[in-house]
Amino acid sequence: MQALPPLTLSEADMRKVMAEVSDIIVDHYVNLHKQPVTLPSTLPSLRLGLDEPVPQKPVAVHDVLEQVKNFVLAEMTHNDHPRNFAFVPGPSNFVSTVADTLASAFNIFCGAWIGPSGAAQIEIVTIEWLRQLFGFPETAGGLFVSGGSMANLTCLSVARHAKLGDNANNATIYFSDQTHSSVAKGLKILGFQHYQLRKLTSDAQFRLPLDALRAKISSDRQQGLVPFCVVANAGTTNTGAVDDLEALSEFCEQEGLWLHADGAYGGSAALTEEGKALLKGLDKVHSLAIDPHKWLFQPYEIGCALVRDKALLKDTFKVTAEYLKILEGGTEQPNFSDYGVQLTRGFRALKLWMSLKAFGVDAFREAIDIGMEHARDVEKYLRADPCWEIVTPANLGIVNFRFVEGLTGVDAINSVNTAIADTMILSGFAFVAPTSLRGQTVLRLCTINPRTTKDDIEETIRRLAQIGRDAMSGRGHRV
């Protein structure tokens, strides 16, 4: 029998491995609800299972998979768990998992049209679907990137190029104190100094205040500075707050400013009637960042940068080299490496395309609506128990609240609520993370997983209240 080439398995072994992997994946989806959301690990135990010398000789793939199951898959926080309410969960879906498996298996390079032309066309089509769904004009376009951070960076790069010709001297950019940290990080990468960033205090609803924005821009111009961009929030991570997109769009048009919307979390809600009303004016921004691996239920990682004038993407990013000449075909054949930072890029579009085809957009709308309804359920259960104070009501799938029964003083309330979150996380029943709103430590639930049940929500609230009351009575935690 002829020896196999290096790094190759026999057909029989490949089929056996894939059957085992398939069982692992399906078991995960079927049994996830029964598993703990979090499973606290210790560094010594992980080292015991994973620290080892560089393997010089082969290990049976079955044994490798067992090691992965026992020390990786069994030692993690499940972002797709129905009772994961922390940060922004990643609910994902099975069809997209299949798509990622195919994209990885065929090792598809999506930096250029040549070669994977069918894959490039899938990205073109899927971006066009998003353009239509978000109400952008036919001139708009974009590309898929790793996530919201890279989507924001991509759009801000275009804004800098379009408004400043890449000369950022004396330029200023404006956003609220609720804007995601990826914006400040992206601006740092783009060469902006701290003094060029204008972080304005948000209003009582945690939105960017237009009057303060107008006054700050006027003052900066009087000092010889060059305002060029406003970053609006289309659903903040902390509270789901949406800036007044219509008013900001009108203002930026009058002032000659670029308006970028960070919709990485909340932007996808615009697919629904309720979300569209909350996000009124989203279709008027110059650029938009969204994260399909959040509220479009895709596996990590996939973000999207949409720009109102897609020609600006190429103007901003295209760089030629002698070894890339072969990639430059007809103008009707776009190379996505010319539209963003990456030359080497994977086939991210396939999972969103396949799941939209398999389920239909209406199913996605229903899933988003369920997430917003879940948040209203949270608020209802909280209002039924006087131990809770609602800090921000249900908005775009997010509720903030805190335990206050028997407590006085900010420090005491903050301490108890931090302890409640820590105890719940250690229990493994639900993942609830605290955040800070104007000096208050609050508990925050983000309820976007459509597989979450009302029982999950009610029992989570009940256990949180019990943990708080046990803490106040000196009994410690009991869940």
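At-a-glance table
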{"quantity": "Extent along principal axes [Cα atoms of the chain; Å; largest to smallest]", "calculated": "81, 72, 44"}
{"quantity": "Label-point separation, Ser117 to Leu343 (7 Å along Cα→Cβ), nm", "calculated": "2.3"}
{"quantity": "Full-stretch length increase - Asn107, Ile25 - with 0.36 nm per residue and alpha-carbon distance subtracted", "calculated": "27.5 nm"}
{"quantity": "Percent antiparallel among DSSP beta bridges (both partners in the chain, rounded to 5)", "calculated": "55"}
{"quantity": "Efficiency of FRET from Cβ geometry, Gln440 and Lys216, R₀ 25 Å, rounded to 0.05", "calculated": "0.45"}
{"quantity": "Extension gain (nm, one decimal) between Val68 and Lys280, 0.36 nm per residue minus Cα-Cα", "calculated": "71.7 nm"}
{"quantity": "Extension reserve of the Asp411-Lys357 stretch, reckoned as 0.36 nm per residue once the Cα distance is removed", "calculated": "14.3 nm"}
{"quantity": "In sequence order, calculated HN-Hα J values of segment 386-392 (Karplus, 6.51, -1.76, 1.60; Hz; x Gly/Pro)", "calculated": "x, 6, 9, 10, 7, 8, 9"}
{"quantity": "Distance between modelled label sites at Gln254 and Ala3, nm, 7 Å Cα→Cβ extension", "calculated": "7.8"}
{"quantity": "Leading residue at positive end of dipole, segment 29-151 (Cβ point charges), from Trp113, Leu65, Tyr29", "calculated": "Tyr29"}
{"quantity": "Surface per residue (accessible, 1.4 Å probe) for the chain, Å²", "calculated": "47"}
{"quantity": "Vicinal HN-Hα couplings computed from phi for segment 90-96 (Karplus, 6.51 cos²θ - 1.76 cosθ + 1.60; Hz; Gly/Pro x)", "calculated": "x, x, 6, 7, 5, 4, 5"}
{"quantity": "Rounded FRET efficiency, nearest 0.05, which uses the C-beta distance separating Ala204 from Gln35 and R0 of 41 Å", "calculated": "0.50"}
{"quantity": "Accessible area in the full protein assembly, largest first, 1.4 Å probe, for Arg462, Arg469, Arg345, Arg160", "calculated": "Arg462, Arg469, Arg160, Arg345"}
{"quantity": "Label-point gap, in nm, between Thr42 and Ser10 - each point 7 angstrom along Cα→Cβ", "calculated": "4.3"}
{"quantity": "Share of carbon and sulfur in the accessible heavy-atom surface of the chain [1.4 Å probe, %]", "calculated": "55"}
{"quantity": "Förster-model FRET efficiency, 30 Å R0, Val125 and Tyr323, C-beta, rounded to 0.05", "calculated": "0.55"}
{"quantity": "For Val226, residues with placed amide H under 5 Å, excluding near neighbours", "calculated": "Ala171, Thr172"}
{"quantity": "In Hz, Karplus ³J(HN,Hα) per residue of segment 79-89 (6.51, -1.76, 1.60; θ = phi - 60°; x = Gly, Pro)", "calculated": "5, 9, 6, x, 10, 8, 10, 8, 6, 10, x"}
{"quantity": "Rel. contact order, % - alpha carbon contacts under 8 angstrom, at least six apart, the chain", "calculated": "20"}
{"quantity": "Listed residue (His78, Leu445, Met18) projecting farthest to the positive dipole end of the chain, Cβ model", "calculated": "Leu445"}
{"quantity": "With all protein chains modelled, accessible area of Glu389 [1.4 Å, Å²]", "calculated": "70"}
{"quantity": "Percent of C-alpha pairs per 10 Å bin, segment 385-479, short to long", "calculated": "16, 54, 27, 3"}
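The values are calculated or read from the model by the stated rules, or taken from the named source; none is laboratory data. Worth saying up front: this structure is predicted, and the values here are computed from it rather than measured. Don't worry about glycine lacking a Cβ; one is built from the backbone with ideal geometry, like all the others, and counts go over all protein chains shown. Ligands, DNA and RNA are excluded from the accessible area calculation, which covers all protein heavy atoms including side chains. Shrake-Rupley method; radii C 1.70, N 1.55, O 1.52, S 1.80 Å.
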